[in-house]
Amino acid sequence: MLTDDERVTIRDVAARAGVSATTVSRVIKGDYPVAQATRTRVLRAMRDLDYVLNVHARALSGASTKMVAFVLDDVTGPSFAYVAKGVEQQATAEGRLCMVCTTHGDPARELAVVEAMREQRADAVILVGGGSLDDTYRERMSHFAHALDKAGSRLVLCGRPPLGDDVPTTVVEYDNEGGAYAMTSHLLSQGHRRIALLGASSPTDRSTTKVDRERGFVRAHESFGVPYDPDLVIPGGFGRGDGYEGTRRLIALGARFTAVFAATDMVAIGVLAALREAGLRVPDDVSLAGYDDIPFAADLEPGLTTVHIPTEELGRTAVRLALNRDERQHVVLGTHIVVRNSVRPPRRES
């Protein structure tokens, strides 16, 4: 491996191509017209010498990295994967590379990743999924939004609400609360009066996504004039194991419910497994609804009634708006219910 002293420099490339170091710099930046034949010689010299761009030097020169950063909790989440697909497709169409960074749900790590991408001068830093409602977190993220904007970059909030009117961000969200309201209303209209919500927020996990879905759940009950049972609102994560353990806990406590609204489809899959283990059938004994409409929700048995999120469109729109500032910078995409076979009216009041 080459040491710092042995690394190929712009001057080495210039000597190999028979041009000035300034010409090489112009070819790298792409911000000044260079004759095609000259450009070809420079690129060939860079390839022959295996030249690697010094990122720090490029940052000092004010050039961007022609890259967008995609920051999410977990790459294994199906809905995140489809947002990532949209981001990557649009980034490629815009001539950018796409870097994927994971935070494992840690707000401190997310802040550190954003800071690192600012130092790398990414054209856009796209945060996906629920953000923290903690004041300190929001203050720090607002600071980074201003810093990115000053550097010619952009902080993009994808699937989460704005940080404030005076914070320079691109916001691409969906009607998160409205989707939960619509699904809860669907369950109530089917005659369900004791509905469990799995995947709610907790005092130590005030995720914007969880809070909005819980808010929609509560608002639907209020609209129907039906009180909800707080004991049926179970905090937890968005994974299969959270749905499985939460349902087992409800059953062990002897909780009475005729329907479960799972905060994600992955939670719903865990709920389905726990119900079957307990000898309960969906939808004959318990109705089940999810949120996200991940691709295999339709292939479950029974097919899962769920809330559809336009995941790929979220990703594409996030990149397009961030790189084209003349467009509106706050877009709210719609959600809708997909009715399948996992919900039916309850057999009797419980």
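The values are calculated or read from the model by the stated rules, or taken from the named source; none is laboratory data. The model shown is predicted, which means the values in this text are computed figures rather than measured ones. Glycine also receives a Cβ, built like all others from the backbone with ideal geometry; neighbour counts cover every protein chain displayed. Protein only, heavy atoms only, side chains kept; ligands, DNA and RNA dropped before computing areas. Shrake-Rupley method; radii C 1.70, N 1.55, O 1.52, S 1.80 Å.
Data for the structure
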| read-out | value |
| --- | --- |
| Dipole magnitude (debye, nearest 20) for the chain, charges at Cβ of Lys, Arg, Asp, Glu | 720 debye |
| Straight-distance crosslink candidates among lysines, where the alpha carbon sits under 25 Å from LYS85 and sequence neighbours closer than 8 are dropped | LYS66, LYS210 |
| Cβ-Cβ FRET estimate between ALA147 and ARG47, R0 fixed at 35 Å, reported to 0.05 | 0.50 |
| Of all accessible heavy-atom area on the chain, the percent that carbon and sulfur account for (1.4 Å) | 49 percent |
| Gain upon complete extension [THR76, ASP285; 0.36 nm per residue less C-alpha separation] | 72.1 nm |
| Calculated from backbone phi, Karplus (6.51, -1.76, 1.60) coupling profile of region 79-92 in Hz, x at Gly/Pro | 5, 4, 4, 7, 5, 4, 4, x, 4, 5, 4, 6, 4, 4 |
| Probe 1.4 Å, accessible area per residue of region 63-191, Å² | 40 Å² |
| For the chain, built as a Gaussian network whose Cα springs stay under 10 Å, the top-fluctuating residue of THR40, THR317, THR306 | THR40 |
| Rounded to the nearest 20 debye, dipole of region 81-165 from Cβ charges on Lys, Arg, Asp, Glu | 180 debye |
| Region 232-327, accessible area per residue, ligands and nucleic acids excluded (1.4 Å, Å²) | 38 Å² |
| Hz values of 3J(HN,Hα) by residue in region 327-344 - Karplus curve (6.51, -1.76, 1.60), Gly and Pro given as x | 7, 4, 9, 9, 10, 10, 8, x, 10, 8, 7, 10, 8, 10, 10, 8, 10, 8 |
| Relative contact order of region 222-350, pairs being alpha-carbon contacts under 8 Å that are 6 or more residues apart, as % | 23 percent |
| Hypothetical label at ARG7: residues of region 101-135 whose amide nitrogen lies under 15 Å (7 Å Cα-Cβ projection) | 120 |
| Per-residue HN-Hα couplings for region 250-267 [Karplus 6.51, -1.76, 1.60; θ = phi - 60°; Hz; x = Gly/Pro] | 4, 5, 5, 7, x, 5, 9, 8, 10, 8, 10, 9, 8, 5, 9, 5, 5, 4 |
| Gain upon complete extension [SER20, ALA278; 0.36 nm per residue less C-alpha separation] | 85.3 nm |
| Positive-pole candidate from ALA14, THR40, SER25, dipole of region 12-52, charges at beta carbon | THR40 |
| Simple label model, 7 Å out from Cα along Cβ direction - ASP299 to ALA252, nm | 3.2 nm |
| Nitroxide proxy distance, nm - points 7 Å out along Cα→Cβ at LYS66 and ASP135 | 4.5 nm |
| Sequence of CYS158, CYS98 when ordered by accessible area, the most exposed leading, probe 1.4 angstrom | CYS98, CYS158 |
| Two-site FRET efficiency, ASN341 against ALA108, from Cβ-Cβ distance with R₀ of 45 Å, rounded to 0.05 | 0.60 |
| Extension gain from VAL332 to GLU119, taking 0.36 nm per residue of separation minus the Cα-Cα distance | 73.7 nm |
| Residues whose placed amide H lies under 5 Å from that of CYS101, excluding near-sequence neighbours | PHE70, VAL71, LEU72 |
